[in-house]
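The structure under discussion appears below in the form of structure tokens.
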Amino acid sequence: MAEERTFIAIKPDGVQRGLVGEIIKRFEQKGFKLVAMKFLTASEDLLKEHYIDLKDRPFYAGLCKYMHSGPVVAMVWEGLNAVKTGRVMLGETNPADSKPGTIRGDFCIQVGRNIIHGSDSVESAKKEAALWFKPEEMTAYKSCAVDWIYE
Ligand code: DAT
Ligand code: MG
């Protein structure tokens with residue numbers, strides 16, 4: 001159970017606005033374990049696939065264009081309930097509905113510039129991690145803090 005993984009990406013606006021360190025800090029300080037990370041401008045094909053479930057929504061093309069407009073930080077974080085807790089840390093899809101203390105609640109205003117992506121289920125986390133990372137890019141190591149984070 002502690003090995004649940006979630007795919008998190010800091011979007012181009014989060015990168016441009018200098019929020020990379022702040023966002024990584026929150027996941028680190030929570031106690032989640034970083035297992036994969038890369039910095040890249042994602043191809044349009046990758047982004048279209050990443051958001052394939054939204055292909056019929058009116059904002060799909062604009063979403064893919066925005067995500068392709070600059071580099072992103074793609075990451076996989078691991079820990080107990082990492083998917084659900086990760087979503088709580090992000091806040092709601094629309095920053096206007098996100099509580100202070102959440103990443104979207106603290107750092108952004110509009111849904112189309114909501115600075116961060118997080119998987120919405122364990123199944124989509126698996127799919128997304130496999131889309132963005134090769135198996136050999138996922139690390140395997142024991143965190144020295146594990147016995148101080150879990151009882
Ligand atoms: P989330 O990113 O919270 O999982 P989602 O998967 O429903 O939300 O949508 C993916 C992204 O698409 C979201 O982060 C921002 C954008 N988006 C969602 N709804 C939108 C809307 N009504 N108008 C513009 N962009 C939207
Ligand atoms: Mg989503």
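No lab work stands behind these numbers, since they all come straight from the coordinates. All figures in this text were calculated on a predicted structure; none of them were measured in a lab. For neighbour counting, all protein chains shown are included, and Cβ atoms are generated from backbone atoms with ideal geometry for every residue, glycine included.
Of all residues in region 53-66 being of a type in the set (A, V, I, L, M, F, W, C) and within 11 Å of ligand 2 (Cβ to nearest atom), which is surrounded by the most Cβ atoms within 10 Å (Cβ to Cβ)? Looking at the filtered set, the residue picked out is 63. With respect to the conditions (1) out of contact with any Cys (no Cβ under 6 Å at 6 or more places or on another chain); (2) of a type in the set (A, V, I, L, M); (3) within 16 Å of ligand 2 (Cβ to nearest atom), residue 145 falls short on a single one, namely (3).
All conditions but one from (1) part of a helix (DSSP H, G or I); (2) within 11 Å of ligand 1 (Cβ to nearest atom); (3) closer than 24 Å to residue 19 by Cα apply to residue 124; the one that does not is (3). Restricting region 67-84 to residues that are over 17 Å from residue 22 (Cα atoms), of a type outside the set (Gly, Ala, Ser) and within 16 Å of ligand 2 (Cβ to nearest atom), the residue that is surrounded by the fewest Cβ atoms within 10 Å (Cβ to Cβ) is 84.
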